[in-house]
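Q: Here it is: the structure, laid out below.
The values are calculated or read from the model by the stated rules, or taken from the named source; none is laboratory data. The structure displayed is predicted, hence computed values, not measured ones. So basically every Cβ, Gly included, is an ideal-geometry build from the backbone, and we count neighbours across all protein chains shown.
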Amino acid sequence: MTRTESAHGLGDAISAAPPAALAASRLTFSRDGRLVIDGVDVDLPVGSFGAVIGPNGAGKSTLLQLLVGALPVDSGTVLFDGADLLALRRRDRARLVALSEQHGDGDTGLRVNDVVLLGRTPHIGRWASEGPADRQVVADALSAVGMSAFADRPFDTLSGGERQRVHLARALAQQPRLLLLDEPTNHLDVRAQLSLLSLVRAQTAAGITAVAALHDLNIAAAYADTVIVLGEGRVVAAGPTASVLTGKLIGDVYGVRADVLRHPRTGRPLIAFDTT
Amino acid sequence: MTATIETPSRPAPFAGRELRRVPPTAWVVLLSGILLLSIVFSVTLGPADIRPAEVWGSILGHLGLDPTALGGQVLSPLRDGIVWELRVPRILTAAAVGAGLALSGTVMQAITRNPLADPYLLGLSSGASLGAVAVILLGFGLLLPVAAFAGALAALLATLLLAGAAGALTPTRTVLAGLAVSSFFGAVTSLVIFWSATGDTYREILSWLLGSLSGAGWPAVAIGAGALLIVGLPLMLTGRTLDAFAFGDTAASALGIGVNPTRWLLLTATALLTGAMVAVSGSIGFVGLILPHAVRLVAGQRNRVVLPLSALAGAVFLIWIDTGARTLFDPRELPVGILTAVVGAPVFALLLLRARRIR
């Protein structure tokens, strides 16, 4: 707790930054001849939480899919702890990096336990069955997100917030060191949003590096160590949350007027939009 | 950073899923037992009245064992011929075809994330039929299985290329493309028939289009069981991979699956399996569609469980459907596809009404 708090202090610019855990450089990706990601760099220290923000179509989801290897980069490298992620075999990569996506609806018919067990896919031999160790990892992941009591429930009967937790548990069951989250708070009520991000922060406190694509700037302001602002596939700004999130930047990127205040209790940035 | 982790409300007790608590191995044992009994019992049914002890005796005799030693009964050569040359191979073929089609359907439904996918609906069966009908009319009967493979593969490629031409392979696009391909191949098949068929060829082609196991002898068993062993058995072990597709391609990829190679490999395997089955039985519809769904209803959705159970259930199902086809209107015989459609079409309609996933 103290560790995270000191890392969160307002204006506490990371002076002696620890070595980058995630170092993506000059990533480019084009789809249908259009450059969707154009020379993007991402640098994050171990155990930090990076928020990727930007308007719709800025390339946030695409960036995460490039980092997890679900889409092939046109050029660029992704190093994690010095290892070339994109050169790894898929299965090996899936043991290092997990992605929790936004899923509107599911009609999977799977039980919660089975969904989380999917996270063990890269760890279990292709023709083998899951062992007691795998079941323990699944149980631990469910317990980490507070969903142990739901293990036998059909996934399709869960609420949006519960589903997001289960997806997070599935990602955790991969035992990743880099956790990617694509708009984890979409469609969640405020309580579920805060709860989910607390879970993510608990993981980063345990040494997992996390990157989340976020729409809600105040969520990013409240939780992220680092903010990466994308606009039309390029990094518009990146750095410590408090120094990046300014009224001018928000105006430039989103085309809205906003004042960045200071949260009276946490001291973190608080964005007030000018709706007049 | 206070703990805002909500304590989830206690989940409501979930009734009506007790069947899913039955361990999968118990289902496998149960269905295997039913399959064995079905094979033996269905051999006894038919115009010639044959007792189970005779069936047992005939099987023992042909396996080189003493029929009487193990409780079997010695048969006259005529009755032995009915058992060993007519009924046993036909029933084994039905079992292999049912298992193969149900497996193909399970794999296709999982990999296209489309509850309506099956070899029949995506055009594979009609492609295989066209291949089969073409070589029959051209007089190259020996090429039958090869032509059926080729037809199924061609139809699969046409469906997937058509569905994928303007973007991702969504369930809707895949089914629509399958419909187009299936109609086209069906039309070409009909055209070929109209153009060249005379007399008995009609009946033969009709049984190709609606499916029939009436001509199935030991060569058919060899083709069906061989394909089941070589293609079906490995497919049965792909459950974990198929499960990884439950939340889409990106999620599968993030779980370490090579999405496109896996999809093409598995779909090609289903085309081979379907081709082999159509080669020995014609295009029998609905088996690949309804059996996987029936199995999921009782055993849950995990493909590692659904695959072997669908194969077993498909085998049992087609044995009894075919037994019905050859005995219900005795001495006339129904094309087996009529009966599978009678059972399958209402199930298909139910699925349409129920499936929220289809957009």
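Q: Surrounded by 14 or more Cβ atoms within 10 Å (Cβ to Cβ), at pLDDT 90 or above and assigned to a helix (DSSP H, G or I): does that describe residue A:66?
A: Yes, satisfied.
Q: Return the pairs, sorted by first residue and then second, in which the second residue is surrounded by 11 or more Cβ atoms within 10 Å (Cβ to Cβ) and modelled with pLDDT under 75, the first residue lies in the range B:188-203 and is outside any helix (DSSP H, G or I), the beta carbons are less than 9 Å apart, and the residues are 6+ apart or on different chains.
A: From the range B:188-203, the pairs are B:197/B:204; B:197/B:205.
Q: Only residues that are within 14 Å of chain B (Cβ to nearest Cβ), without any contact (Cβ under 8 Å) to a residue 60 or more places away in the chain and farther than 16 Å from residue A:35 by Cα: list them for the range A:50-77, please.
A: The answer is A:69, A:70.
Q: Right, here's the next one. Look through the range A:153-200, keep the residues that are within 29 Å of residue A:43 (Cβ to Cβ) and polar (S, T, N, Q), and return whichever of them is farthest from the other protein chains (Cβ to nearest Cβ).
A: A:186
Q: If you go through the range A:124-141 one residue at a time, do you hit one that is farther than 21 Å from residue A:219 by Cα, basic (Lys, Arg) and in contact (Cβ under 8 Å) with a residue 24 or more places away in the chain?
A: no
Q: Take residue A:121 and tell me if it is in contact with an Asp or Glu (Cβ under 7 Å, 6 or more places away or on another chain) and either free of Cβ contacts under 8 Å to residues at least 12 places away in the same chain or among the polar types (S, T, N, Q) (or both).
A: Judged against the criteria, residue A:121 is not a match.
Yes/no per residue for (1) more than 12 Å from the chain's Cα centre (by Cα); (2) crowded, with 22+ Cβ neighbours inside 10 Å:
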site: A:160; (1), (2): yes, no
site: A:165; (1), (2): yes, yes
site: A:175; (1), (2): yes, no
site: A:181; (1), (2): no, yes
site: A:206; (1), (2): yes, no
site: A:209; (1), (2): no, yes
site: A:223; (1), (2): no, yes
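Q: Out of A:190, A:145, A:166, A:137, I need the residue that is aliphatic (A, V, I, L, M) and either in the same structural domain as residue A:46 (by TED's automatic domain parsing) or closer than 20 Å to residue B:239 by Cα (or both). Which one?
A: A:190
Q: Has the range A:17-32 got at least one residue that is crowded, with 22+ Cβ neighbours inside 10 Å and under 20 Å from residue A:252 (Cα atoms)?
A: no
Q: Can you confirm whether the range A:227-234 contains a residue that is within 17 Å of residue A:21 (Cα to Cα) and crowded, with 17+ Cβ neighbours inside 10 Å?
A: Yes, there is a match, as at least one residue in the range A:227-234 is within 17 Å of residue A:21 (Cα to Cα) and crowded, with 17+ Cβ neighbours inside 10 Å.
Q: Of the residues that make up the range B:291-299, is at least one at pLDDT below 90 and under 30 Å from residue A:61 (Cα atoms)?
A: No: the range B:291-299 contains no residue that is at pLDDT below 90 and under 30 Å from residue A:61 (Cα atoms).
Q: Separate question: May I ask you to verify whether residue A:200 is in contact with a Pro (Cβ under 8 Å, 6 or more places away or on another chain) and surrounded by 15 or more Cβ atoms within 10 Å (Cβ to Cβ)?
A: yes
Q: In addition: So which residues in the range A:201-220 are more than 14 Å from chain B (Cβ to nearest Cβ), under 18 Å from residue A:258 (Cβ atoms) and out of contact with any Asp or Glu (no Cβ under 8 Å at 6 or more places or on another chain)?
A: A:216, A:217, A:218, A:220, listed by residue number.
Rundown of residues vs (1) touching a residue at least 60 places away in the same chain (Cβ under 8 Å); (2) surrounded by fewer than 22 Cβ atoms within 10 Å (Cβ to Cβ); (3) within 17 Å of the chain's Cα centre (by Cα), yes/no style:
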{"site": "B:185", "(1), (2), (3)": "yes, no, no"}
{"site": "B:216", "(1), (2), (3)": "yes, no, yes"}
{"site": "B:229", "(1), (2), (3)": "no, yes, yes"}
{"site": "B:243", "(1), (2), (3)": "yes, no, no"}
{"site": "B:250", "(1), (2), (3)": "no, yes, no"}
{"site": "B:265", "(1), (2), (3)": "no, yes, no"}
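Q: Among the numbered conditions (1) in the same structural domain as residue A:85 (by TED's automatic domain parsing); (2) touching a Leu at 6+ places or on another chain (Cβ under 7 Å), tell me where residue A:171 comes up short.
A: All conditions are met except number (1).
This table checks each residue for (1) under 30 Å from residue A:154 (Cβ atoms); (2) touching a helix residue (DSSP H, G or I) at 6+ places or on another chain (Cβ under 7 Å); (3) in a loop (DSSP other than H, G, I, E, B).
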site: A:62; (1), (2), (3): no, no, no
site: A:72; (1), (2), (3): no, no, yes
site: A:86; (1), (2), (3): no, no, no
site: A:102; (1), (2), (3): yes, no, yes
site: A:114; (1), (2), (3): yes, no, no
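Q: Hey, among B:343, B:306, B:316, which residue is within 19 Å of residue B:94 (Cβ to Cβ) and modelled with pLDDT of 90 or more?
A: Going through B:343, B:306, B:316 in turn, the sole match is B:316.
Q: Can you pull out the residues in the range A:89-144 that are facing another protein chain (nearest Cβ under 9 Å), over 24 Å from residue B:293 (Cα atoms) and of a type in the set (Asp, Glu)?
A: Passing the criteria: A:92, A:101, A:130.
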